[in-house]
Amino acid sequence: MFLACRDDQPKPDDQPKKVARAALEISARNTNEVTILDLRGRATMGGDESELLSSQLKKALAAGVRHLVLNLKELTHVDSSGVGLIVGTCVSLRRQGGDLKLLNAQGRVRKL
């Protein structure tokens, strides 16, 4: 944290710039009996990302997908809501004789 004396306050131009965060993008592809969802961006509760992830996972289950791979190579951040959606989907698939696998988790996503 930056602390300054009263006479040495940062000027408005010196304030940190906000960086735009990439929203979540999901693309789906099928290989044999496996559906692969490629996730790009952030899967967080703060925006529509969590809803998008939830709807895509529910859509896959409703379509009868039993073997699902989540390619996380280009996923930069996931929070507890995203993890909860993934775990819930895994439990549902396993109850139906299927499975969910995670592929290419990188950096912060892998640590979580």
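Things to note:
- Listed by first and then second residue, the pairs with beta-carbon distance under 7 Å, at least 6 apart or on different chains, first residue in the stretch 96-112 and closer than 16 Å to SER80 by Cα, second not in a strand (DSSP E or B), are LEU112/VAL83.
- Matching residues in the stretch 76-95 - criterion: being modelled with pLDDT under 95 and in contact with a Lys or Arg (Cβ under 7 Å, 6 or more places away or on another chain): THR76, HIS77
- Condition met for LEU57 (crowded, with 18+ Cβ neighbours inside 10 Å, closer than 27 Å to ARG95 by Cα, in contact with a strand residue (DSSP E or B) (Cβ under 9 Å, 6 or more places away or on another chain) and at pLDDT 95 or above): no
- Filter pass, LEU52 being surrounded by 14 or more Cβ atoms within 10 Å (Cβ to Cβ) and either modelled with pLDDT of 95 or more or touching a helix residue (DSSP H, G or I) at 6+ places or on another chain (Cβ under 7 Å) (or both): no
- Scope the stretch 1-49; condition at pLDDT 50 or above, surrounded by fewer than 10 Cβ atoms within 10 Å (Cβ to Cβ) and assigned to a loop (DSSP other than H, G, I, E, B); matching residues: ASN32, GLU33
- When the residues of the stretch 60-83 are filtered to those that are among the hydrophobic types (A, V, I, L, M, F, W, C) and not in a helix (DSSP H, G or I), the one that is surrounded by the most Cβ atoms within 10 Å (Cβ to Cβ) is LEU75.
- Residue list for the stretch 84-106, restricted to those being assigned to a helix (DSSP H, G or I), under 21 Å from SER27 (Cβ atoms) and under 13 Å from the mean Cα position of the chain (by Cα): LEU85, ILE86
The values are calculated or read from the model by the stated rules, or taken from the named source; none is laboratory data. It should be emphasised that the depicted structure is a prediction, and the values quoted were computed from it without experimental measurement. We place every Cβ from the backbone using ideal geometry, glycine too, and count neighbours over all the protein chains shown.
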